[in-house]
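Beneath this line is the structure, given in C-alpha cells, with notes to follow.
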Amino acid sequence: MMLRKKTTPYISVVVPVYNEEESINELFDRLFGTLNSTGKSYEIIFVNDGSKDRSTQILADIFHKHKDVVRVIEFNNNYGQYIAIFAGFEHVRGQVIVTLDADLQNPPEDISKLLVKFDEGYDLVGGYREHRQDSFYRTYVSKFVNGMRDKLTGLHMRDHGCMLRAYSRNIVDQVIKTREAFTFITAMAQKFSKNPIDIPVRHSKRKRGASKYNPYKLIRIGFDLLTGFSLIPLQMFTLIGALTSLFSGTLVVYLVIRRIFIGPEVEGVFTLFALLFFMMSVLITGIGLIGEYVGRAYLSLCNHPRYVIKKIIEK
C-alpha cells in the first residue's frame with residue numbers, strides 16, 4: 001500500500017542495504033551533502049534487506065540524528081535488491097525518485113547530473129557505468145546480457161545493472177501497480193517511460209564489504225530479464241525444434257532408402273548416437289525454457305507477498 005502524507009518532498013532517494021556496515025556512514029554523509037546542495041526538499045529511504053551485520057543499528061542511529069529527512073524500512077528477511085527497491089517505491093513521497101546502491105561504487109554526488117537531465121524534461125534518467133571497475137567476468141557477462149536484452153526484448157538502455165537512476169513519480173506509480181512475481185524494475189520502468197535518456201556516471205572499485213551477486217545470481221537475473229519481457233526465446237526454441245524435426249525426418253528417410261538398396265551397416269552407429277545425443281540436449285534445453293515460463297506463471301498465480309516488513313522507522 002502506498003504511503004501518502006501532506007509533506008511531500010521533491011526528491012525521494014531509495015537505498016537498498018544488505019550487510020553494508022562499513023559503507024553506510026560515509027554514504028549518508030556524502031548523500032546528505034549532495035541533496036542539501038540541490039536546494040530542493042528531499043527524503044532518504046533506507047530499505048534494510050535483512051542485514052546480518054551492524055547495518056540495522058547504524059541505520060537506526062542515522063535516523064535518530066536526522067529524523068526530518070530519513071526513514072528506514074526493515075525487512076524480516078533477505079528478499080533481494082529489486083524487491084527492496086520496490087518496497088521503497090511503495091513508500092516514497094517525492095515527485096522525483098532516485099535509486100542508489102549502498103556500496104559507494106556509484107558516487108552519490110552524481111545524483112546532481114541525473115537531476116539536471118530530469119529538469120530538461122526527461123521522465124527517466126538512467127546512469128550507465130563509464131570506465132566500469134568490476135572484475136573482467138562481471139563486466140563482460142553484463143555486456144553480454146545487455147546485448148541479449150536489447151535484441152530480444154526491445155528495451156533499449158545502456159546498462160540495466162546500474163542502480164543510479166532517476167524516475168518520475170508517474171513511472172514509479174505504474175511499476176507499483178504491476179503484480180508480476182519477478183520485479184525487474186529497471187526494465188519495467190523503461191517500458192513505461194515516454195522520454196528516457198542514459199547518461200554516463202562514475203564507477204569505482206568496491207572498497208569495503210563484498211559483492212552480493214555471485215555467478216548464479218547473475219545468471220538468474222539474465223533468465224528473469226529475458227523470460228519476463230519477451231516470448232522470443234520460446235519462439236526461437238520452437239523454430240529450432242521444427243528445423244531439428246525436419247532434419248531428423250530427412251535422415252530417417254535417407255537411412256530407410258539406404259537400407260533397402262545397400263543393406264544394413266554398422267559403421268554409422270556412432271554418428272546416429274551423436275545425433276541422438278544432440279537431439280536430446282535440444283529437447284532438455286527446451287523443457288528447461290518452458291519450465292522458466294511455467295514457473296513464472298505459477299508464482300504469479302500463487303500471489304504470495306513480495307516481502308514482509310518487520311518495522312518502519314519514521315518520524
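Read-outs: derived from the displayed coordinates by stated rules, not from any lab. Because the structure is predicted, anything quoted here is derived from the model rather than measured.
In order along the stretch 31-40, phi translates into HN-Hα couplings of 5, 4, x, 4, 5, 4, 6, 6, x, 10 Hz, rounded to whole numbers, per the Karplus curve 6.51 cos²θ - 1.76 cosθ + 1.60 with θ = phi - 60° and x for Gly and Pro. Applying the Karplus relation 6.51 cos²θ - 1.76 cosθ + 1.60 with θ = phi - 60° to the stretch 114-121 yields 3J(HN,Hα) values of 5, 5, 4, 5, 4, 5, 7, x Hz, where x marks Gly and Pro.
Which of the pairs K117/K177; K52/K315; K113/K191; K65/K113; K117/K311; K113/K310 have their Cα atoms more than 32 Å apart in this structure? K117/K311; K113/K310, as the Cα separations exceed 32 Å there. In order along the stretch 62-67, the Karplus-derived 3J(HN,Hα) couplings, from 6.51 cos²θ - 1.76 cosθ + 1.60 at θ = phi - 60°, round to 4, 4, 5, 8, 9, 4 Hz, and Gly and Pro are given as x.
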